Amino acid sequence: MSTLNLGLKLLSGILMLGMVSCNEPRIIEMEEVHKYEDGIPAIIPSAATVQTRIEKNVDLKLIVGAPNFYNASPAEMRQAAINAGQSALATFGTDIEQGVLIITKDLKNHLENPADGIILDMHIDSLKASLKSK
């Protein structure tokens, strides 16, 4: 095999790897997670504990211990979830595909799915659509 053919095969292999990796979500850095968590008290002022779980860099779970917010109206909770989704997209970018806000009243409960958790959809898809239409 000539050097030119070998070079072309190597170049095409590198290009294929590049195209495959373009579809991979970017890696979310811990400093981004901390920035996101630091902004949650602006959305839920009574948040006493905040934990973020991101699976495969696309599925977000935000677990907030907020005994005072636990009995908020469903409308207030839905709005908090949407605001948390907007903040997630602003912080992590549009690689996030779905997100949920989980409100718990037990501050010592650090489980990913707390028994008393109220799970609220962040409506990431509709938030992305509204970003595209702007």
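The values are calculated or read from the model by the stated rules, or taken from the named source; none is laboratory data. The model shown is predicted, which means the values in this text are computed figures rather than measured ones. For neighbour counting, all protein chains shown are included, and Cβ atoms are generated from backbone atoms with ideal geometry for every residue, glycine included.
Hey, any hits in region 59-79 for a residue that's in contact with a Ser or Thr (Cβ under 6 Å, 6 or more places away or on another chain), outside any loop (DSSP other than H, G, I, E, B) and not aliphatic (A, V, I, L, M)? Yes - at least one qualifying residue is present in region 59-79.
Going by the conditions given, is Ile54 part of a strand (DSSP E or B), among the aliphatic types (A, V, I, L, M), surrounded by 14 or more Cβ atoms within 10 Å (Cβ to Cβ) and at pLDDT below 95? So Ile54 fits the description; yes.
For region 72-100, how many residues meet the condition of being within 13 Å of Asp59 (Cβ to Cβ) and not aromatic (Phe, Trp, Tyr)? Talk me through it step by step, then tell me what you get.
Going through region 72-100, the residues within 13 Å of Asp59 (Cβ to Cβ) turn out to be 85, 88, 92, 95-100.
The next check asks that each one be not aromatic (Phe, Trp, Tyr); those that pass are 85, 88, 95-100.
Number satisfying all stated conditions: 8.
Evaluate the following for Lys35: is it surrounded by fewer than 16 Cβ atoms within 10 Å (Cβ to Cβ) and either in contact (Cβ under 8 Å) with a residue 40 or more places away in the chain or polar (S, T, N, Q) (or both)? Against the criterion (surrounded by fewer than 16 Cβ atoms within 10 Å (Cβ to Cβ) and either in contact (Cβ under 8 Å) with a residue 40 or more places away in the chain or polar (S, T, N, Q) (or both)), Lys35 qualifies.
Considering only residues in region 97-134 that are assigned to a helix (DSSP H, G or I) and among the polar types (S, T, N, Q), the one that is modelled with the highest pLDDT turns out to be Ser126.
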